[in-house]
Every structure is written in structure tokens, then in C-alpha cells.
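The structure appears below as C-alpha cells.
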Amino acid sequence: MAYFAPYIDASGLHLPTYEERLEELTGAYRSIFGIESELSASVPDYQLLSVFAKALDDVSALVLQAYNSRNPAYATGQALDLLLPQYGIIREAGETDASVRARIRHSLAGRSSGSVDALLAAVKAARGVRDAVVYINETDSTDSIGIPAHSIAVVTRSGGANAVAQAIYDKKAPGVGAWGSHSGIAVDADGREYTVAFTRFTEKRIFLHLYIRVVDGGNQETIQNAVLPAVTEYLDSLSLAAPLNVPQLYGVAYAADPAIAKTFVVTDIQVTRSGVSGVIRDLVPCAWNEKISAAPGTGIAIHFV
């Protein structure tokens, strides 16, 4: 494709490639110094044009990053934080980008009222809440979890008790009870106070062991520095009550840094639990009020074999 000037239209940002820039520069060079000018890869002038094309391509990469930083699906770090006020949320201390994006999605769902999605979105948007899940019992008797008839159970990860209670009170349908092991105070428009129940999550601690063989001149430290944070963030991003699909961690490890993915082989991934015999290699179950997370300190270990 021929070179074109960068532009933005309804479909997004359009930038020429490095090859297109280099072709444009070599064409301009020949129009100045003659069509017969020698511009093979070994010629210094061609190498200089390549440097110019690479510099322009680096600028394009920065422009693309700045453009994408306006979209919460692609923005990271501080750029993502700058977008949060329009969704009515703030990043909590230690919260990952993946967790923030999930709360943005739920915030968008919360623009309505009177639905489970809206209630869940409101709770997740409450100050300090990292994650939440809502269970409903629409039957006339207590369900298997223990939720009374015609009631809801909200499980939260962090968040102030009164903030959670207010979110539940504001969004739950009239006449529906709120059940749980904790409670907070909600206030109505007239200043009357109500006790609203909910449940705090319980951590399900696991020990995760990745066995890795280095190949093709790979470096153990480089591999560990890429894989360990990626796996840690993946575990942190698991929702409440979500099981851990252990085989998916193979993909997480290889995707941690595509540039080094060919320099190692993940030979095995095992999950163990303190006080529980056996090794899990397939699915780690999670109860309705639990969150799977790595045990502190040595919860995630990489073993080079």
C-alpha cells in the first residue's frame, strides 16, 4: 500500500507503516538526486533513510498509544485513572488495570435501576469495593446457600459497610430482603436509617507451581520477571466465586511477553492447598462466597527444570 498522511475518521486512527514511510522517503530521494540513485541496503544513504523511517514509526507508535489511552479497554496505569471520573469510580490501592476495567463495565450496566445488573453495578461502584456478586432466591423457601425466600445475597470484596449497604438499598426492588453475615446502615431520602445485610468474601488460598524449561538461549531471570507478574495479575482478576481453570495458565505464561515466548516451555502447572492432599491440574472449584488467590509469600512459585 502506498504512503498516506496519518488521519482520523469514523473508523479510527490510520497510520502508515514503516515500510510505507521508507518507500516514500526513497522515492523522494530519487526525485531529488535522480532515478538511477543507488539505494541498496548496504548504501549509507539508504541506511540513513531507514533511520528516518524508524524515527517516524516510533512517533506513530506513541500517537497510537495516546489515541488508545482514551479508551478504557486499552488505557493503562495513569492514563486509565484519568478516565475513571466519568464512570464515577476511583482506583483502589493496589488494584490492577484488569480489575478497574471490570468495574467500568459494571458501572455502565448500573445506569438503569430495579434490575440485578443495576444492583451489582451499584455495589461494585461503591467506594472501596473491588468486586461483588449477587445471588437471588425467588422461591418460597430457603435455598441451598441459605438465602431466605424472596431475598438476595450480596457478596463483596472490600468496601465500606455503609457504602455497600446504601448501594444495595438504593437498587434492590421493594419488598425484597437482603441476607448475609455482615451489615451496614443505609439512609433514605427522609433520613431514616435501615440495616442492610450482605456478606464479605472468604479467600481460598492456593499454592501455584509452574515448572518451566528454558530453551533457545532463554534467560531464567527474564522469564520469571515476565511470567510471575502476569500469573499474579490473572489470579487477582478472577471474579468472586469463579473457579480457576488451571490449563488456562499455560496461555497466560506464554502471553506474558511474546518476545520471549519461544525461549521457554511450561512443562507442568500444579495447584496445591495447605492441609489438603493431592495435586490439582484441571479445575480448582470456588464456593459462592469465596475468591481464589495465591497464598502470601510463596503462593506462586516458578521452578526451572
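Scanning the stretch 90-116 for residues that are in a loop (DSSP other than H, G, I, E, B), at pLDDT 80 or above and not small (G, A, S) gives I90, R91, E92, E95, T96. Pick from the stretch 63-75 the residues that are exposed (fewer than 14 other Cβ atoms within 10 Å of the Cβ) and among the polar types (S, T, N, Q): which of them is modelled with the lowest pLDDT? Here the answer is N71. Taking the criterion of being touching a residue at least 12 places away in the same chain (Cβ under 8 Å), under 16 Å from K204 (Cβ atoms) and of a type outside the set (K, R), the residues of the stretch 252-281 that qualify are V271, T272, S274, I280. Has the stretch 191-198 got at least one residue that is assigned to a loop (DSSP other than H, G, I, E, B) and surrounded by 13 or more Cβ atoms within 10 Å (Cβ to Cβ)? Looking through the stretch 191-198, none of the residues is assigned to a loop (DSSP other than H, G, I, E, B) and surrounded by 13 or more Cβ atoms within 10 Å (Cβ to Cβ). Taking the stretch 37-66 as the range and being out of contact with any helix residue (DSSP H, G or I) (no Cβ under 9 Å at 6 or more places or on another chain), part of a helix (DSSP H, G or I) and either over 17 Å from H14 (Cα atoms) or not assigned by TED's automatic domain parsing to the domain that holds T26 (or both) as the test, the residues that pass are P44, Q47, L48, V51, A55. Taking G160 and the conditions (1) out of contact with any strand residue (DSSP E or B) (no Cβ under 6 Å at 6 or more places or on another chain); (2) surrounded by 18 or more Cβ atoms within 10 Å (Cβ to Cβ); (3) not hydroxyl-bearing (S, T, Y), which numbered condition does it fall short on, given that it satisfies the others? Only one criterion in (1) out of contact with any strand residue (DSSP E or B) (no Cβ under 6 Å at 6 or more places or on another chain); (2) surrounded by 18 or more Cβ atoms within 10 Å (Cβ to Cβ); (3) not hydroxyl-bearing (S, T, Y) is unmet by G160, namely (2).
Just so you know, in the stretch 220-251 the residues that are over 30 Å from A153 (Cβ atoms) and free of Cβ contacts under 8 Å to residues at least 24 places away in the same chain include one that is surrounded by the fewest Cβ atoms within 10 Å (Cβ to Cβ), and it is E221.
Does I212 meet the test of being at pLDDT 95 or above and either surrounded by fewer than 18 Cβ atoms within 10 Å (Cβ to Cβ) or not in a strand (DSSP E or B) (or both)? No.
The values are calculated or read from the model by the stated rules, or taken from the named source; none is laboratory data. Source: prediction; values computed, not measured. Glycine gets a Cβ as well: all are built from the backbone with ideal geometry, and neighbour counts include every protein chain shown.
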